[in-house]
Amino acid sequence: MTKVLVVLDPDAEKHTALDRITEIDPGADVDFHVALFIDGPSMASNAGQARSRFGIRKQWLAELVKPLQDRGYCITTEVTGFSKLYESILQTAGEFGADAVFKPYRQHHSLQRALIPPTDARLIRHSRVPMLLVGRQQRVRHQPVVAALDLSRQDPAHQQLNQRVIEQAELLSSVLRSEVRYVYAHALPPTESMAVGSSQPLMAPHNSPVMTKVHHIGRLEVEVEHVGYVAGSAAEVITDYAHLIRASAVVIGTVSRSGAAGLLIGNTAESVVELSRSDVFVVPNAVSLVR
C-alpha cells in the first residue's frame, strides 16, 4: 500500500492538496493521512485555550474530509502543533511511513527567501520522500506532465536521479491519464541569441537552440527537448515551457544541499517552485520510488 501525507494550509480558502486526492481512483491501494499543522501553545497557562482550539480544528478537519471518505478514500486525520513547520512535517511523514507528501506551496519575494528560507525550500532540501507541491489549479487530469532532466553530467548519481524523475513522471502521467514531455534546459554561449521568456526562441541559422534528441538513461529511452537560453535561468526556461504546454506538473530531481554550495539541480528545484504556475513534484536523490 502506498502511503501519502497530505498537508493542509490553515489559511487557504480552497484546499487543492485535497483536490489532488480526487485525481486518484478511490479503489486504488493508497492510504492518505491528512494533517493540519497549527502553532502550538507557547505557555502552560494557555493549555486550556489550546485544547479548545485544537478540538475545534479537529472537528473542522473531520467534516472537511468526510465527503472523500464517503466516496471510498482511505483517510485518517491529525491536528498537531509545531514550532518549526518543516521539521513537524518531516517528523509526521516519518511516523506515518509516508511514500510521498502532498503540500500546497507558497511563493515568496526574493528578499523574503534571502532573509529566511521558506518552509518549502527547507522541505526540498531535507525530505527523503518525493513531494508534490500543489499549485492553485483545481483539476489537472489530462494535462501533460513535464519531466525536467539534468543532462549536463554523466556520473552514475545524476543518471540514477534522471531515471527516477522519468519513472515518477510516467507514474504521475498514468494517474492523470496524460502524456510526459521531457525537457533539458541548458545555457548557450553568449554569441547565440534567444528571446528571453519567449515560446519561440530566436534561432541561430547554423545551430538551433531548440532540438530534440533521443537519450538512453538506464534502461529507458526517451526523446528530450533541449531548450537553450542565453539570459535568465534554467528554472525560468522550465516553468515557461510548462506554462506554454499547459502542464499539470513539473517533475524535477533534487540532490543534497550539503557540501560546499550544493549542486545546481537542487537550486533549480527550489527556483522552479517559486516560479511555477503548475504543481511541482520534487524527487530526492536517495529514496525508493512511489509505487
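Tabulated data for the structure shown
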| quantity | calculated |
| --- | --- |
| Identity of the residue in the range 56-77, among the aliphatic types (A, V, I, L, M) and assigned to a helix (DSSP H, G or I), that ends up farthest from ALA28 (Cα to Cα) | ILE56 |
| Selection count where residues are at pLDDT 85 or above and not in a strand (DSSP E or B), scope the range 203-259 | 16 |
| Qualifying residue in the range 144-157 (condition: of a type in the set (Asp, Glu), within 18 Å of the chain's Cα centre (by Cα) and within 30 Å of HIS216 (Cβ to Cβ)) | yes |
| Filter result (over 16 Å from PHE96 (Cβ atoms) and in contact (Cβ under 8 Å) with a residue 40 or more places away in the chain) within the range 58-82 | LEU64, LEU68, ARG71, GLY72, GLY81 |
| Count - residues of the range 83-100 that are within 12 Å of PHE37 (Cβ to Cβ) and in contact (Cβ under 8 Å) with a residue 12 or more places away in the chain | 8 |
| Helices (runs of 4 or more DSSP H) lying entirely in the range 78-136 (those with 3 or more residues that are at pLDDT 95 or above) | 85-96 |
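The values are calculated or read from the model by the stated rules, or taken from the named source; none is laboratory data. Just so it is clear, the structure is predicted and the values come from calculations on it, not from any experiment. When we count neighbours, we look across all protein chains shown, and the Cβ atoms used for this are built from the backbone with ideal geometry, even at glycine.
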